[in-house]
Amino acid sequence: AKGYAVVAAVCTHLGCIVKPTGKGFDCPCHGSRFAPDGAVVKGPAPAALPWLKITATGGSYVVDEGATVKKGTRVVV
Ligand code: FES
């Protein structure tokens, strides 16, 4: 797919910061795993990582951590 998207790095279980693994994200706290698109691969996380709203402004991107968007939403410059 074209464009950029940002997936929140906060685990939906108890809020630990997940780590990128190259094949998705792992949570160091209780072992949840997420796919690159944020989908849960392994629990205990109850829900996918949310996609965050990003805005392109003059060659750079601004991530709005307070706003989530539908999975698959991308910003193309
Ligand atoms: Fe991530 Fe528990 S906070 S698995």
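The values are calculated or read from the model by the stated rules, or taken from the named source; none is laboratory data. Note that this is a predicted model, so its numbers are computed, not measured. Positions of Cβ are generated from backbone atoms using ideal geometry, with glycine treated the same way; all protein chains shown enter the neighbour counts. Areas reflect the complete protein model, heavy atoms only, side chains present, ligands, DNA and RNA absent. Shrake-Rupley method; radii C 1.70, N 1.55, O 1.52, S 1.80 Å.
Write out the trypsin sites (Lys or Arg not before Pro) in the range 1-52 meeting two conditions: DSSP loop, and at most 16 other Cβ atoms within 10 Å of their Cβ. All intermediate terms of the calculation are to be shown ahead of the outcome.
Details: sites: LYS2, LYS23, ARG33, LYS42; in loops: LYS2, LYS23.
Passing both the DSSP loop test and the Cβ count: LYS2, LYS23.
Counting only pairs 8 or more places apart or on different chains, how many lysine pairs in the chain have C-alpha atoms closer than 15 Å? The partial results should precede the final answer.
Details: LYS2/LYS71; LYS19/LYS42; LYS23/LYS42; LYS53/LYS70; LYS53/LYS71.
Count of close lysine pairs: 5.
If you wrap the chain's Cα atoms in a convex hull and average its projection over all directions, what's the area in nm²?
Average of the hull's projected areas for the chain equals 5.1 nm².
With contacts defined as alpha carbon pairs under 8 Å and 6 or more residues apart, what's the relative contact order of the range 1-50 in percent?
Computed value for the range 1-50: 30 percent relative contact order.
What do you reckon, how do ILE17, ILE54 stack up by accessible area (1.4 Å probe), largest on top? Walk me through the numbers on the way to the answer.
Values: ILE17 100, ILE54 20 Å².
Of ILE17, ILE54, the descending order of accessible area is ILE17, ILE54.
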